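Below is one structure, written out as structure tokens, with a few remarks after it.
Each value in this text was obtained by applying a stated rule to the coordinates, not by laboratory testing. From a predicted model like this one, the values you see are computed outputs, not experimental measurements. Because the Cβ atoms are built from the backbone with ideal geometry, glycine has one as well, and the counts that use them run over all protein chains shown.
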């Protein structure tokens, strides 16, 4: 991706290196989330343990990239678009790390003993999780190309995740009403559903960072305005 030409060729190299590390971190987080849900649905204890064990890799990558951004700010003193890029990267890795935390927590749930009813409801979260993983994959692709149009489409995709989440919650509430003794078990499943839904929100955040870098516009808290209207 062309960030613009600089007098210092080393500056370009440093920016490209940081971007590459962000994409590597994103790929790892996507894998962690997919593995966690697979471990939960298939009761794969070894895979769940792998997700928990590999969480430190996500954390280490966040620290590494954060430190690299700090060094480039101190050494290069970037301005305008370059500074927006660095800020977008710092915020992006924070959201990626939190998605990684969701994967780890889901893996921990997979390691816990569950009732047959819990397993049934956890399995019902698979469509929601598939959508969240797809959204994460798409936003990473948009980030790789710093593609505003792609980011706009991914941003809107969160509505589908919200709809799926609300359908799951309605189903769980209906079940709890009829089976109050199972409320503690169902609450665990509801937490899983909420955590997955939050992945969509994190992906929306990354879309905002892409748009901020390319357009220089902060679209957070746009309320009832459509993203297309804001970017006109």
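Things worth noting here:
- Helix 183-215 vs. the chain, principal-axis angle (Cα, 0 to 90°, nearest 10): 20 degrees
- When Cα Rg over 2.2 N^0.38 Å is calculated for this entry, the matching label among [x] 1.12; [y] 1.00; [z] 1.26 is [x].
- Quotient of Cα Rg and 2.2 N^0.38 Å for the range 111-156, N being how many residues it contains: 1.68
- Ranked packing of 30-43, 208-221, most packed first, by mean Cβ within 10 Å: 30-43, 208-221
- Cα long-axis angle, helix 148-178 against the chain (0 to 90 degrees, to the nearest 10): 20 degrees
- Between 0 and 90°, nearest 10: helix 9-42 axis offset from the chain longest Cα axis: 10 degrees
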